[in-house]
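**Q** The structure is given below, and queries will be raised subsequently.
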Amino acid sequence: MKYRQSVNKLSKLLIYILGRQPDEFGLLPDENGYVKIKDFMKALAEEPGWRHVRLTQIREAIYSTDSPPVEIEDNLIRAVDRSLLIFPYIPDSFPKLLYYPVRRRAYPVFLEKGLPASTSGNRIILSNDMALALRLGRRIDPCPVMLTVNSENARKNGATVWRFGKLLFLSNCLPLGSFSGPPPPKKQPGPKQVDMPKTPAVPKAPGSYLVDLTTDSTASDQSKKRSRQRKNEWKRDRARISRNKAKGWSGA
């Protein structure tokens, strides 16, 4: 009984999010009513009491009833009954200020160039509720930069703005001059190169002898030995001649 109640409760929530008011959860279905499963699961995990829900439980809700609340195709999910699903429209009036979260890494480029219209036709999601805008931003960055968008200036600079439900607004672009934000972060100076101190020469101690490892001591010793041998060779010849004379030999 408890299992059936939990399945029914989850089914009603899925119908409400995907088939009634996706704007309340910061979701924008495509023209066929689909949203990405990963975006839907992020939104669902933000709801108190529903953070435990996994995709397997959603599949159980689909297969355990004759009237499935949602349907899944590849990495997309949508409500089966979309008769009450809201659609974007251009209203007669707009809130003066809207809010748009930006990744910190992209913020400096955003300040320089704005956000041009997407070639794929994707729309930028804004909100008139700062808390919801922050919620959307935290899905892409733990600490997003919040921009304040002047809806009138945005339209004057060529942007088209739609309303989607009570809390979301859509735009095809955000031109320069239509938004404001905090100062860009200062560039951190690179690490300074520290010159390594030169190794001081080791003073020679009195009476000490330091071995020069840059020369071959063996070759040096052999060269000195050959030099001494050549130097003493005439003495050995003279002594040999004297001995031969004493013995009566005439030859060398």
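**Q** What is the set of long-range amide H partners of residue 80 at a cut-off below 5 Å, with H atoms built 1.01 Å from backbone N?
**A** So residue 80 has HN proximity to 70, 71.
**Q** Hey, another quick one. Expressed as a fraction of 2.2 N^0.38 Å, the rule-of-thumb size for a compact globular protein of N residues, what is the C-alpha radius of gyration of region 2-79? Please list the in-between numbers first.
**A** Working: Rg = 11.6 Å, N = 78, 2.2 N^0.38 = 11.5 Å.
Taking the Cα Rg and dividing by 2.2 N^0.38 Å, one obtains 1.00.
**Q** To the nearest 0.05, what FRET efficiency results for residue 16 and residue 54 with a Förster distance of 30 Å applied to their C-beta separation? Let's see the in-between values first.
**A** Values: r = 19 Å, r/R0 = 0.63.
Computed FRET efficiency for residue 16 and residue 54 comes out at 0.95.
**Q** Stretched out fully, how many nm does the piece from residue 156 to residue 122 gain, at 0.36 nm a residue minus the Cα gap?
**A** Numbers: separation 34, 0.36 × 34 = 12.24 nm, distance 2.04 nm.
Here the segment from residue 156 to residue 122 would lengthen by 10.2 nm.
**Q** For residue 47 paired with residue 176, estimate the spin-label separation in nm (one decimal), with each label point 7 Å from Cα along the Cα-to-Cβ line.
**A** 4.3
**Q** Also, I was wondering about something else. How large is Rg/Rh for region 34-75, to two decimals, with Cα atoms and a Kirkwood Rh? It would help to have the intermediate numbers written out before the result.
**A** Values: Rg = 10.7 Å, Rh = 11.1 Å.
Answer for region 34-75: 0.97.
**Q** Something else about it: Please work out the ratio of the alpha-carbon Rg of region 97-180 to 2.2 N^0.38 Å and round it to two decimals. Could the numbers behind the result be given before it?
**A** Working: Rg = 11.8 Å, N = 84, 2.2 N^0.38 = 11.8 Å.
Taking the Cα Rg and dividing by 2.2 N^0.38 Å, one obtains 0.99.
**Q** Moving on to the next point. Would you mind checking which residues have amide H under 5 Å from residue 179's amide H? H placed 1.01 Å from N; only 5 or more apart, or other chain.
**A** 150
Every number in this text was worked out from the coordinates using simple rules, so none of it is lab data. In this text, all values refer to a predicted model and were calculated from it rather than measured experimentally. Using ideal geometry, Cβ is built from the backbone for each residue, glycine included, and neighbour counts are taken over all protein chains shown.
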